[in-house]
1. Starting from 0.36 nm per residue, how many nanometres of slack lie between GLU100 and ALA159 once their C-alpha separation is accounted for?
2. Take the stretch 1-45, compute every pairwise Cα distance, and split them into 5 Å bins from 0; I just need the percent in each bin.
3. Taking the alpha-carbon centroid of each part, what is the distance from the stretch 1-65 to the stretch 78-109 in angstrom?
4. Which residues make up the longest stretch of the chain clear of GluC sites (Glu not before Pro) that lie in a DSSP loop with no more than 15 other Cβ atoms within 10 Å, not counting the sites?
5. Going by how many other Cβ atoms sit within 10 Å of their own, how do HIS148, HIS120, HIS175, HIS15 line up, fewest first?
6. Between SER126 and ILE29, what length comes free when the chain is fully extended (0.36 nm per residue of separation minus the Cα-Cα distance, one decimal in nm)?
7. From Cα pairs below 8 angstrom and at least 6 apart in sequence, can you work out the relative contact order of the chain, rounded to a whole percent?
8. Could you work out the helix-only [θ] at 222 nm for the chain, with each DSSP H run of four or more residues adding -39,500 (n - 2.57) and the total divided by the number of residues, to the nearest 500 deg cm²/dmol?
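Derivation of every value follows stated rules applied to the coordinates shown; laboratory data play no part. The structure presented is a predicted model; accordingly, all values stated were derived computationally and were not measured. Because the Cβ atoms are built from the backbone with ideal geometry, glycine has one as well, and the counts that use them run over all protein chains shown.
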Amino acid sequence: MAKDIWVISDTHFFHENILKFTDSEGELIRGALFDSIEEMNEVMAERWNSVVKPGDYVYHLGDVFMGNKDEFKKYWKRLNGSKRLIVGNHDDIKWIAQNELFTKISMWRQFTEFGLLLSHVPLDPSGLINYRYKSEDPTDNPKMLNVHGHIHQNPSPTADHRCVCVEHINYTPIHIEELRIK
């Protein structure tokens, strides 16, 4: 059975205050959609499991959760897939590693075969060159697409970036094929 690869970022499971976050116009972001943190968690879990099969890989681009660690640990086990973490600024890496919540933990992940560079924060465009690309012309090194999180509902900084924060992807992991550079 083929394993699919999924990507998601900034779930902020159990983060009570995220329901109070507003956009630049003062409008609630997640609080406009969810009445409670429990509802938000459940909707994201249902949407996750609706697309991710147990053997699939899920790259979470950071800021997984904030809140009760024991509750989160029980909850996390409900989600399908072999989970891999690209560390975010709110992730307690030591605790996450000690509790074996992810099969791999890294700062970034390059998928040269898809033309993608996964990170938590948007990277400077100067770092998006695919140096493994083979060409007779040494100046012919196509850019990679930086798939990132961190900025929530805000737009990505350039056309060389793609935000996969849950606010951009309907709170559902996105398949890597939908992100790849063709």
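1. 17.7 nm
2. Values per bin, smallest distances first: 5, 20, 27, 18, 13, 8, 5, 4, 2, 0.
3. Here the answer is 15 Å between Cα centres.
4. Working: sites that count: GLU25, GLU27, GLU100, GLU113, GLU136.
Counting only loop sites that pass the neighbour cut-off, the longest clear stretch is 28-99.
5. HIS175, HIS15, HIS120, HIS148
6. Net length gain for the segment: 31.8 nm.
7. So the answer I get is 25 percent.
8. So the calculated ellipticity at 222 nm is -4500 deg cm²/dmol.
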